[in-house]
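Structure first, then comments.
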Amino acid sequence: MKKLFSLTAGVCIALTSLAQNNAVINGTIKDGGNQKIIDAATISLLKAKDSSLVKATYSEKDGSFSFEQVKEGKYLVLATSVGHTKVYSKPVEVTGNAAVTVGTLQLQPESRDIKGVTVVAKKPLIEHKLDKTIVNVDAGITNAGSTALEVLEKAPGVSVDKDGNISLKGKQGVKVFIDGKISFLSGPELANMLRNMQASQMDQVEIMTNPSAKYDASGNSGVINIKLKKTKIAGFNGSISAGFGLGQGGFPKTTEGINFNYRKNSINLFGSLNHNYRENYQTITINRKFRDKNTKELLGIFDQQAIINRTAQSRSARLGVDYSISKKTSVGAVVSGFADPEDFNNTNSTFLKNKNGVTESMTYATNDTKNFWKNISGNVNFRHVFDSTGRELTADIDYSHYSSSSKQALGNYYFDADNVKMAPSDTLLGNIPSAITIYSARADYSQSLKGNAKLEAGVKFSSVKTDNNARYDSLINNIPVADIGRTNHFVYDEQIQAAYVNVSKSLSKKWDAQMGLRLENTTSKGNQLTTGQTFTRNYTQLFPTAYVSYKMNEKNTLSLNYGRRIERPDYADLNPFYFFLDKYTYQTGNPNLRPQFSHNIELSHSFKGFLNTTLNYYKATDLINDIFEQNEATKETFVIKSNIASQQQIGLAVSAGFAMGKKINVNLYGNLSNNRFKGFINNSNVDISNTYVESNASLQMDMGKGWKSELSGFYRTKALEGVMAINALGSLNAGISKAVLKNKGTVKLGVRDILWTQRGTGTAQYAYIDTKFRQQRDSRQVALNFTWRFGKGKATAPKRKIGGADEEKGRVKSGGN
């Protein structure tokens, strides 16, 4: 690895020394209305012949700007700034190493009132870019009072299952980023964090199915990046929001938050405080048929009805600062954290029947669990711009510590078919603390090369340690007695070293290409202290990416991309612990899990930028997924992760965004896919496939005088999620909003899942496994939200506030509910 890093650094240094022209184009910017200097205007250098972008920069505090090392040719300069109409310079010609000036560009103010922050830019709900799909959260009225998880489940191509697990275009293994950094969470803990994150905190959701080599190779089906709100206005600005909602059955949900930003001269201070309280319920019905493993003969039936109530809070805070040391160098730091207490109560009734369906015994059970999950994270970042040609060096150091506690009390009460007590009651007490510490450091370098090319290269190191110590006690005569068979202590260490190189180039007016290669070396060790068992892993893998686009004409563009990716096991899935839902159902980790690998190819066509069609092929091996193991004698079922199979998917996705007149905007999305799972599962060869359709639509109307309305929804036909077949489900949503307080405030009223159709039902039928479930939660909700924006000032250039802790955060979970 030392040789690899040395080679990468040497390549970067050598490329910086390539001979380039020393010609300069410079000028200044002024406000054409009052001759005041405008700093932080966006300045773009364009080729005169076709207006294609060569370089971009920002004007300095005195209004000046310059482009260095410009090649010979004819150019235009474009200047833009918030509140002004854009302006072009006259064409200028560069010859030799001469310095050329375009003089002073006069930006004319737009004829509208921009006092304070009363003018709110109109953004479409959905934006389709060449490499990503963007959801503008505030543009969706029905997002008022929503959680981040509820926002995601309405996003194009995104599905959220009954447990809060996220898939993208029917593929699991999505990595969720927050402001460019992976959230460090997965499974139940990621779902819990997204349930406790308010939509009012979110600015955009970026969906990338095939990220470049600059991103960590982890993420089986792609990346979802949640961008939190940031203010780009000088002075003191921010927003305050509050909301109240009711779910089906009258369960309350409240949200409160404040985001603030103070920007003056070289210093930018930003932060947020948020609180979220939610009461939820769900009902689950499970039917399992226990069969002989060899003959498949029916042996008995398990019927269970459960009612789950969950009360959760989230308190989160973020504070950061950016400081410009000079015109070309800046540093920053961010500290954030959250505390999420939760009470979980599961009351269920289980009927154990013979093969003829006659009840032989009944068990009434309770599961009272108190979870407390907290985090503190810090980031220090550095950025230096060498010149206006795009040479830039960035670096990040990240630290994050997570700790959780989960205290369970599982009570069981046994009765015969006549409801007469048949055995003594028992209680199992569980105390499952967890601690996770993550360190990460990365450096990235980029520069423009000759011939309209760009180089990006970087290195990264991360270290993760998880410590889980689970203790179980059986309560006998009200005295806790250690349950040695279930108690366990597991420690896991992992280090990842990575390096990447990415080169993009404009081959001609019509052709553009990008090639990337990422190398990742993983070393890990697991130590089961209770039994003395250990395991080690050490593997090095290459992950190539490639992108080619062809502009057929002004209306049509074709693009083709390829990427290889890895999905490492989540930390908790390697942990051989037991986590109980009740006496008959529990889950456990698997220290023998291997990483899964996937190949993803996409061919896309864009028509006029609004109609986008994508044909994709996906193949994954050593697929990590849930499998069911059963004990026919005790009627117990446990879920364990395993490398069960390979997955193949072929899909066709179509999306369109267009206006109907001046008042109505429409966004449509549809995806037709065929999923196939093939492998050796539960000692049997399994080959299952399914073709399904998922769709998403929204209609937004501007009704005038500050009133807006929205109608949106999604629908998905029966689809496979691993070995589970999930039946069709969907949702219809509606909302209305009104601008108040001279456009500084917004009131939104939204209703989600109006028809109460987000009911999860499904089956798993393969080998000797035969089970089905039905789940209903309080997805039908009404919410009222108010936001007030305060402060005034002028827009400035955005600052960089993303860090380097990437893939590791996406794999943290403590094995919760």
Response to the item:
With +1 on the Cβ of every Lys and Arg and -1 on the Cβ of every Asp and Glu, the dipole magnitude of region 214-325 about its Cα centre, in debye rounded to the nearest 20, is 320
Practice prompt. Can you list which of the trypsin sites (Lys or Arg not before Pro) found in region 549-594 are DSSP loop residues with at most 16 other C-beta atoms within 10 Å?
Written response: Lys555
Response to the item:
Where a ≥ b ≥ c are root eigenvalues of the Cα gyration tensor, a/c under 1.5 meaning rounded, otherwise prolate if a/b exceeds b/c and oblate otherwise, region 288-347 counts as oblate
Discussion item. Rounded, prolate or oblate, given the Cα gyration tensor of region 210-289, with a/c below 1.5 counting as rounded?
Written reply: oblate
Response to the item:
extent check for region 631-720: Cα max minus min per principal axis, descending, whole Å, gives 68, 32, 18
Worksheet, complete the sentence: In terms of the alpha carbon gyration tensor, root eigenvalues a ≥ b ≥ c, rounded if a/c is under 1.5 and otherwise prolate when a/b exceeds b/c or oblate, region 501-584 is oblate
Worksheet item: Considering the dipole of the chain built from charges on the beta carbon (Lys and Arg +1, Asp and Glu -1) around the Cα centre, which of Leu298, Ser434, Thr142 is farthest to its positive end?
Response: Thr142
Worksheet item: If we sort 66-78, 421-433 on the protection proxy, mean other Cβ atoms within 10 Å, highest first, what's the order?
Response: 66-78, 421-433
Fill in: Solvent-accessible ranking of Lys227, Lys635, Lys328, Lys772, largest area first, probe 1.4 Å
Lys772, Lys328, Lys227, Lys635
Worksheet entry | Entry for mean projected area of the Cα convex hull in nm² (calculated from the structure that is shown) out of (1) 60.3; (2) 35.0; (3) 51.9 | (2)
Worksheet item: Which length gain, in nm to one decimal place, applies between Thr359 and Lys465 when the Cα-Cα distance is subtracted from 0.36 nm times their residue separation?
Response: 33.4 nm
Item to complete: Please work out the C-alpha center-to-center distance from region 374-411 to region 449-495 and express it in whole Å.
Response: 17
Worksheet item: Tell me, in nm to one decimal, what length is gained between Val747 and Ala728 on full extension, where the rule is 0.36 nm per residue of separation less the Cα-Cα distance?
Response: 3.5 nm
Response to the item:
Helix-only [θ] at 222 nm, the chain, -39500 (n - 2.57) per DSSP H run of 4+, per residue, nearest 500, equals -1000 deg cm²/dmol
Response to the item:
Heavy-atom accessible area per residue of the chain, all protein chains kept, 1.4 Å probe, expressed in Å², is 43
Fill in: FRET efficiency for Trp788 and Leu273, using Cβ-Cβ distance with R0 set to 25 Å, rounded to 0.05
0.95
Practice prompt. Please work out the FRET efficiency for the pair Leu53 and Ile307, using the Cβ-Cβ distance as r and a Förster radius of 60 Å; give the result to the nearest 0.05.
Written response: 0.55
Discussion item. Within region 70-92, list the residues whose amide N lies under 17 Å from a label point set 7 Å along Cα→Cβ of Lys551.
Written reply: 74-78
Item to complete: Kindly state, to the nearest 0.05, the FRET efficiency for Asp687 paired with Thr717, given R0 = 22 Å and r defined as their beta-carbon distance.
Response: 0.60
Discussion item. For a quick check of your reading of the filter: which chymotrypsin sites (Phe, Trp or Tyr not before Pro) in region 249-278 sit in a DSSP loop and have no more than 11 other Cβ atoms within 10 Å?
Written reply: none
Worksheet entry | Student exercise, the chain dipole from Lys, Arg, Asp, Glu Cβ charges, in Debye to nearest 20 | 2800
Worksheet item: Between the helical axis of 187-196 and the dominant principal axis of the chain, each derived from Cα atoms, what acute angle in degrees is found, rounded to the nearest 10?
Response: 60
Worksheet item: Which residues in region 338-360 have a backbone N closer than 17 Å to a point placed 7 Å from the Cα of Asp416 along the Cα-to-Cβ line?
Response: 352-354, 358-360
Practice prompt. Over all directions, average the projected area of the Cα convex hull of region 722-798 and note it in nm².
Written response: 9.3
Worksheet, complete the sentence: In nanometres, the difference between 0.36 nm per residue of separation and the alpha-carbon distance of Trp756 and Ala99 is 229.8 nm
Discussion item. What do you get for the angle between helix 2-16 and the principal long axis of the chain? Use alpha-carbon atoms, 0 to 90 degrees, nearest ten.
Written reply: 20
Fill in: Assigned charges on the beta-carbon of Lys, Arg, Asp, Glu; region 360-447 dipole about Cα centre (debye)
360
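The values are calculated or read from the model by the stated rules, or taken from the named source; none is laboratory data. Owing to the predicted nature of the structure, the values given are computational and were not obtained by experimental measurement. Please note: Cβ atoms are built from the backbone with ideal geometry, for glycine as well, and neighbour counts cover all protein chains shown. Note: accessible area is taken over every heavy atom of the protein model, side chains too, but ligands, DNA and RNA are not part of it. Shrake-Rupley method; radii C 1.70, N 1.55, O 1.52, S 1.80 Å.
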